[in-house]
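As structure tokens, the structure follows; a few thoughts come after it.
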Protein chains: 2
Amino acid sequence: MTNPGLSPLETLAASVKEAAKVLNITSSQQRNDAISRIAENLLLYQEEILVANAADIAAAKKNGITPAMIDRLTLTPERIIGIADACRQVISLPDPLGKADYGTTLQNGLEMVRVKVPLGVIGIIYEARPNVTVDAAVLCLKSGNACLLKGGKEAIHSNMAFTKVMAQSLAEAGLPTHCVGLIEDTSRETATQMMRLNGYLDVLIPRGGAGLIRAVVENATVPVIETGVGNCHIYVDDGADLTMAVDIIDNAKTSRPSVCNAVETILVHEAIAEEFLPLLKERLDRHQVAWRGCKKTQTILGTVIQPATEADYATEYNDYIICCKVVQHMEEAIAHIDQYSTRHSEAILTNDYRRSQEFTRRVDAAAVYVNASTRFTDGGEFGFGAEIGISTQKLHARGPMGLEQLTSWKYILRGNGQTRQ
Amino acid sequence: MTNPGLSPLETLAASVKEAAKVLNITSSQQRNDAISRIAENLLLYQEEILVANAADIAAAKKNGITPAMIDRLTLTPERIIGIADACRQVISLPDPLGKADYGTTLQNGLEMVRVKVPLGVIGIIYEARPNVTVDAAVLCLKSGNACLLKGGKEAIHSNMAFTKVMAQSLAEAGLPTHCVGLIEDTSRETATQMMRLNGYLDVLIPRGGAGLIRAVVENATVPVIETGVGNCHIYVDDGADLTMAVDIIDNAKTSRPSVCNAVETILVHEAIAEEFLPLLKERLDRHQVAWRGCKKTQTILGTVIQPATEADYATEYNDYIICCKVVQHMEEAIAHIDQYSTRHSEAILTNDYRRSQEFTRRVDAAAVYVNASTRFTDGGEFGFGAEIGISTQKLHARGPMGLEQLTSWKYILRGNGQTRQ
């Protein structure tokens, strides 16, 4: 039943919205059953998925895509097993729905309870990572949400194959196939239309680089949760344990430079800079980390160090590049963080109790660390079991977003004729 | 210290943002002290406030503003006492900040705690109700947030007088005067610029009619919380207690038709329509309520009833007007609500247990009632002590927004050298 007044995108979105209404009244067991069938069918139909993925890879190679991007695009039997395993892990997580987190009986006898409900329809817009198609859809399903997905054009065949498998699994579980909707038209115009699907989308979550996030914030009229841009800092206070500081910064920079919780800029107290920076440089040299430094950094480490510009400080390189600024005191470090932070993860390394307290209180970020690597900001590490992204905004969700963050609430009030005075 | 690269609006917003940083590290006591001084100074300087308000009223009368709007614009000594009393009530509410609502020690020994923090800078855009200037500012202060206010141009003198009193009170309490910022330029262009103050505003809350909300949703690039549009329904099931139903609908329609939790459309089961509608009409006639009805309503009540159009069903009249549709069953009622509801407050009147459960589960709204008036959706009635608005969206806040909904959280992780494997 198509409404002739609707665009193809709206028609799809309307089907997804209808599916969300059905999903809203399913039991946890039904939703887990659907996810379980997805896990099974991913393995059963892996051949079809791999063939579709091969088409994407062939096209990507023809278009001269970078090897790193091709790696992210590539599916293998092992990776499909990994995706299926992730589905099974989601099944084992507690159902975030139906919990009553607040309730009371009003003076007039009205019984009020606030219960967790799904958000409804979650839009997710992402880049050429086909695994996100399944990961995100399954987290939405588990939390009772339908989803409308738009992945990068490079992964369209893989995404369509995954969506086909999920639709079949949903049908087998007795749920509407449109609980998971994929936008097959990967044009920019359609992306912009998606961002303005008020009345269909309850929230839009962009997952990807700074450019994608910016485009969504700029163009969306539906509510957005910004995710994943991490220009993270570590401030090394005077009196910090320098051996520990070398280990932590090495970990935060080089254990996985491409991720949002990796450190980008270090701020070093001038009292220890002369002793500390050569130690750190020696360690980071093992990974060929390139430095960008302030004048004092250059004075200490030599002019082989490139100067750090304002643009460097503002950039999330996601690479083996580190910026370094020597500061006079914590005040200057906090001011720098205030100016450049994307409010994702920030750390102080110190042995001063008062400053540790002041830093955690004053620095405005989703996660603030004392004497630990910023790399821990992650749903799995935080014990949430799974995450759909890391929110860098303050509304609704902040930091790693688990199932809990994919819910809203509803007040239910049961009475026997109450009217307001 | 003004930055020559910033517009006047950005300069103001930057001052408010700086004030928010100070506010973030104040104690509950300091913030309560500031609010207490505001309450005192409102009375001390009421003469100045009333003179400013008289200028607004004189201009409004010259511009032919409606009596209802003039009433909302008007301040009197009694109303100022009421505003001061409301400030004192906010002081008595518990501090929403600093609470740790989640915490654990990770396997590696990292101590993690999630604490409630202010949102930062809250933008509020509203119409010609000068009391909102103080009410909103005080709720923001209590919850540690700075605010940037933009009220209707008709109230500009009153708003400036209120803001002056608040600035002096803040200074007396040792807080930055820009904890409360008022945009004095009431042009539409400035309003649009305000909606795009990314980097300064953490959230924008529009308080006003549907037109204002729509303009904000359409133009804002900062996160928005939609409030206050209530196209509310009451479904009268067959077997409902009809005497109770008359009382509830009378209350929901006529006790205060101008507010968002008043009912706009009733949906009546066909099995009882013939008995019920004349009873209801007789009661509503006492308040000269005008009816818009479906064909069946017209058949029962006579063709003196105007026909209800699609536009009627979609309109929040906020007036002594009621729409009525006779439905075949609850299914049709839920479908109607799905189509026209603004997801504010919806009610079922029934004696059928199963349907009461199904209605509350399936109807998607901030508050869903069984056998009670929709008029209870309100921060005060819900026991929140105060409210800054009633959110009709699902992200971050839903329903009445108290102090709790003006907070975000932050994860603090304290370690002793942890690095990620």
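The values are calculated or read from the model by the stated rules, or taken from the named source; none is laboratory data. Here the structure is a predicted model, which is why all the values come from computation and not from measurement. So basically every Cβ, Gly included, is an ideal-geometry build from the backbone, and we count neighbours across all protein chains shown.
Among the residues of the range B:371-407, those identified as of a type in the set (Phe, Trp, Tyr) and crowded, with 21+ Cβ neighbours inside 10 Å are B:PHE376, B:PHE382.
Does the range B:316-326 contain at least one residue that is part of a strand (DSSP E or B) and surrounded by fewer than 19 Cβ atoms within 10 Å (Cβ to Cβ)? Scanning the range B:316-326 turns up at least one residue that is part of a strand (DSSP E or B) and surrounded by fewer than 19 Cβ atoms within 10 Å (Cβ to Cβ).
Taking the criterion of being in contact with a helix residue (DSSP H, G or I) (Cβ under 8 Å, 6 or more places away or on another chain), under 17 Å from B:THR315 (Cα atoms) and either of a type outside the set (A, V, I, L, M) or outside the structural domain of B:PHE376 (by TED's automatic domain parsing) (or both), the residues of the range B:259-282 that qualify are B:ASN261, B:THR265. Tallying residues that are surrounded by fewer than 21 Cβ atoms within 10 Å (Cβ to Cβ) and touching a residue at least 40 places away in the same chain (Cβ under 8 Å) within the range A:408-421 yields 3. Of the residues in the range A:23-37, at least one is in the same structural domain as A:GLY174 (by TED's automatic domain parsing), part of a helix (DSSP H, G or I), touching a Gly at 6+ places or on another chain (Cβ under 9 Å) and among the acidic types (Asp, Glu). Comparison of A:VAL326, A:VAL370 shows that the only residue that is within 13 Å of chain B (Cβ to nearest Cβ) and modelled with pLDDT of 95 or more is A:VAL370. Checked against (1) within 30 Å of A:ILE25 (Cα to Cα); (2) more than 10 Å from chain B (Cβ to nearest Cβ); (3) not acidic (Asp, Glu), A:ASN198 passes all but condition (2).
Among the residues of the range A:327-356, the one identified as more than 21 Å from A:ALA271 (Cα to Cα) and among the basic types (Lys, Arg) is A:ARG343.
Only helices (runs of 4 or more DSSP H) whose full extent lies in the range A:184-300 are considered here, and the ones with at least 2 residues that are more than 20 Å from the chain's Cα centre (by Cα) and either at pLDDT below 95 or farther than 20 Å from A:THR350 by Cβ (or both) are A:188-194, A:270-285. Is there a residue being of a type in the set (Ser, Thr, Tyr), surrounded by fewer than 21 Cβ atoms within 10 Å (Cβ to Cβ), without any contact (Cβ under 8 Å) to a residue 24 or more places away in the chain and at the interface with chain B (Cβ under 9 Å from one of its Cβ atoms) anywhere in the range A:336-354? No, every residue in the range A:336-354 fails to be of a type in the set (Ser, Thr, Tyr), surrounded by fewer than 21 Cβ atoms within 10 Å (Cβ to Cβ), without any contact (Cβ under 8 Å) to a residue 24 or more places away in the chain and at the interface with chain B (Cβ under 9 Å from one of its Cβ atoms). B:GLU331 meets all of the listed conditions (1) within 14 Å of chain A (Cβ to nearest Cβ); (2) surrounded by fewer than 18 Cβ atoms within 10 Å (Cβ to Cβ); (3) modelled with pLDDT under 95 but one, namely (3). For the range A:402-421, a tally of residues being more than 8 Å from chain B (Cβ to nearest Cβ) and β-branched (Val, Ile, Thr) returns 1. It is to be established whether one or more residues within the range B:132-143 are among the small types (Gly, Ala, Ser), under 21 Å from B:THR227 (Cα atoms), modelled with pLDDT of 95 or more and in contact with a Pro (Cβ under 9 Å, 6 or more places away or on another chain). Yes, some residue in the range B:132-143 is among the small types (Gly, Ala, Ser), under 21 Å from B:THR227 (Cα atoms), modelled with pLDDT of 95 or more and in contact with a Pro (Cβ under 9 Å, 6 or more places away or on another chain).
Rundown of residues vs (1) without any contact (Cβ under 8 Å) to a residue 40 or more places away in the chain; (2) in a helix (DSSP H, G or I); (3) over 27 Å from B:LEU395 (Cα atoms), yes/no style:
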{"position": "A:PRO96", "(1), (2), (3)": "no, no, no"}
{"position": "A:ASN108", "(1), (2), (3)": "no, no, yes"}
{"position": "A:MET112", "(1), (2), (3)": "no, no, no"}
{"position": "A:VAL115", "(1), (2), (3)": "no, no, no"}
{"position": "A:GLY123", "(1), (2), (3)": "no, no, no"}
{"position": "A:LEU148", "(1), (2), (3)": "no, no, no"}
{"position": "A:PHE162", "(1), (2), (3)": "no, yes, yes"}
{"position": "A:VAL165", "(1), (2), (3)": "no, yes, yes"}
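Do we find a residue being surrounded by 21 or more Cβ atoms within 10 Å (Cβ to Cβ) and more than 29 Å from B:ALA68 (Cβ to Cβ) anywhere in the range B:240-256? Yes, the range B:240-256 contains a residue that is surrounded by 21 or more Cβ atoms within 10 Å (Cβ to Cβ) and more than 29 Å from B:ALA68 (Cβ to Cβ).
If you go through the range A:228-265 and keep only what is among the β-branched types (Val, Ile, Thr) and within 14 Å of another protein chain (Cβ to nearest Cβ), you end up with A:VAL229, A:ILE234, A:VAL236, A:THR243, A:VAL246, A:ILE248, A:ILE249, A:THR254, A:VAL259, A:VAL263.
Count of the range A:229-239 residues, restricted to those that are closer than 18 Å to A:ASP319 by Cα and buried (at least 23 other Cβ atoms within 10 Å of the Cβ), is 5. Would you check which residues across the range A:283-298 are among the polar types (S, T, N, Q) and either buried (at least 21 other Cβ atoms within 10 Å of the Cβ) or not assigned by TED's automatic domain parsing to the domain that holds A:THR342 (or both) and list them? Within the range A:283-298, A:THR297 is the sole residue that qualifies. For B:GLU18, indicate whether it is within 14 Å of chain A (Cβ to nearest Cβ) and among the acidic types (Asp, Glu). Taking the combined requirement at face value, the residue satisfies it.
Checked against the criterion of being without any contact (Cβ under 8 Å) to a residue 24 or more places away in the chain, among the small types (Gly, Ala, Ser) and within 10 Å of chain A (Cβ to nearest Cβ), the candidates B:GLY383, B:GLY399, B:GLY379 yield just one match: B:GLY383.
For A:LEU12, the conditions (1) crowded, with 17+ Cβ neighbours inside 10 Å; (2) within 14 Å of another protein chain (Cβ to nearest Cβ) all hold with the exception of (2). The sole residue among A:ALA161, A:ALA171 that is over 22 Å from the mean Cα position of the chain (by Cα), surrounded by fewer than 20 Cβ atoms within 10 Å (Cβ to Cβ), hydrophobic (A, V, I, L, M, F, W, C) and more than 14 Å from A:VAL121 (Cα to Cα) is A:ALA171. With respect to A:ALA14, determine if the residue is part of a helix (DSSP H, G or I), in the same structural domain as A:CYS140 (by TED's automatic domain parsing), over 25 Å from the mean Cα position of the chain (by Cα) and small (Gly, Ala, Ser). Taking the combined requirement at face value, the residue satisfies it. Answer yes or no as to whether B:LEU110 is in contact with a Lys or Arg (Cβ under 8 Å, 6 or more places away or on another chain), closer than 30 Å to B:ALA210 by Cα, within 14 Å of another protein chain (Cβ to nearest Cβ) and at pLDDT 95 or above. Taking the combined requirement at face value, the residue does not satisfy it. Hey, can you tell me all the residues within the range B:90-141 that are hydrophobic (A, V, I, L, M, F, W, C), surrounded by fewer than 21 Cβ atoms within 10 Å (Cβ to Cβ) and farther than 22 Å from A:GLY383 by Cβ? The answer is B:ILE91, B:LEU93.
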